[in-house]
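What follows is calculated from the coordinates using simple rules that are stated; it is not laboratory data. As the structure is a prediction and not an experimental result, all values here were calculated from the model. Here the Cβ is made from the backbone with ideal geometry for all residues, glycine too, and neighbour counts use every protein chain on show.
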Amino acid sequence: MSVENDTRAPWRERLRVIIFEADTPAGKAFDVGLLIAIVLSVSLVMIESVAPLRERHGFEIDVAEWAFTILFTIEYGLRLISVRRASRYAWSFFGVVDFLAIVPTYLSALVPGAESLLVIRGLRLLRIFRVFKLGRFLGEAGVLSRALMSSRHKITVFLGTVLILVTILGAAMYLIEGEENGFTSIPQSVYWAIVTMTTVGYGDLVPQTLAGKALASVVMVLGYSVIAVPTGIVTAEIVETAVGGRVSTRSCPECTSEGHEADARFCKDCGAPMA
C-alpha cells in the first residue's frame, strides 16, 4: 500500500462506512436521506409527464431536477472516492444504476425528452433492504438466487418442453378451427396456446367448434400443471441449498459487495479482507 493510500485511508474508510453500510447512525441517516431524495426525484419525473402541471410549474420542476442531479452526481463521486477500487464499484450493478441515474438530465440538454429516462432512479430504491437492516431478506434472496442457479438446467429443459407443447397444440387448433374462426395461421394459434396455457386468457381468440372447445379445455387444465412444475423444481432446490448464517449490512472495502455474514473475515466475492 502506498504512502498516499496510508494517509488517505482513515477518512476514506470513514466515508465508505457511511456511504456503503447502514450499521452506524450516520450510515443509516445517509441512506434514508438518499432514499427520500430518490423518491422525490422520481416523483418529479412522473409529475412532469402530466401536461397541466408541466405547463404551470415547468420552471420549478426543471430547477428541482437539476438540483437532484447535482446532488446525485456528488454522491456518485463520493462513492468512487471512498472505495479502494473504484472500477469494481463503477461496473457493479448499483454502480451502473447510479451512473445511469444522473446521465439523462445531462443528455436532456442535447436530446429533448431524455429526462424521462430518469425513472431508472427507482431501481436505487433496492437499497432499502440494506438501509433498514433487512438482513434476513438479503439472506433469503441469496438462498433463492442459489436455488435458481442450481435449477437452471431443469427449468431450461422444462421451458423447451413447453415451447414444443404449445407449438403442437397451436398447430392442432389451427387445423380444427381454421381461418374462418380467427385462427389465421399457426403462429397465431401458437400465440393462443401460450395465452391459454398461462391462464392469462385475453379472449381475443376463442374456439367456436366443439372439438376446439374440448382442446381448449385440455390446454387450460394443463396450464395449472405447467405453473406447478417449475415451482416444485425451485422449491426442492431451496430446501437443498438453504444455509444458515446471520447476514449484516457490511460491504467489502474492495469491491463493495454486500450481504456478508456478520462474522465474515473475507469477502465472499473477491476474497479481500473485511474491514
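How do the peptides 57-68, 92-103 rank, highest first, by the average count of neighbouring beta carbon atoms within 10 Å per residue?
The packing order, highest mean first, is 92-103, 57-68.
So if each residue of separation counts as 0.36 nm, and I subtract the Cα-Cα distance between Ala236 and Ala86, what length gain in nm does that give?
Gain on extension, Ala236 to Ala86, equals 50.1 nm.
Separation of segment 57-97 and segment 166-192 by C-alpha centroid, Å?
51
Determine the sum of side-chain charges near Asn181: Lys and Arg each +1, Asp and Glu each -1, restricted to other residues whose C-beta is under 14 angstrom from that of Asn181.
-3
Kindly state, as a whole number, the per residue volume in cubic angstrom of the convex hull around the alpha carbon atoms of segment 149-241.
Looking at segment 149-241, the number lands at 80 Å³ per residue.
For segment 68-111, what is one quarter of the convex hull surface built on the Cα atoms, given in nm²?
For segment 68-111, the mean projected area of the Cα convex hull comes to 3.1 nm².
Just to verify a number: FRET efficiency for Glu13 and Phe99, C-beta to C-beta distance, R0 = 30 Å, to 0.05?
Approximately 0.80, to the nearest 0.05.
Estimate the FRET efficiency between Lys268 and Asp62 by the formula 1/(1 + (r/R0)^6), using the beta-carbon distance for r and 30 Å for R0, to the nearest 0.05.
0.10
For Met46 paired with Arg152, estimate the spin-label separation in nm (one decimal), with each label point 7 Å from Cα along the Cα-to-Cβ line.
3.4
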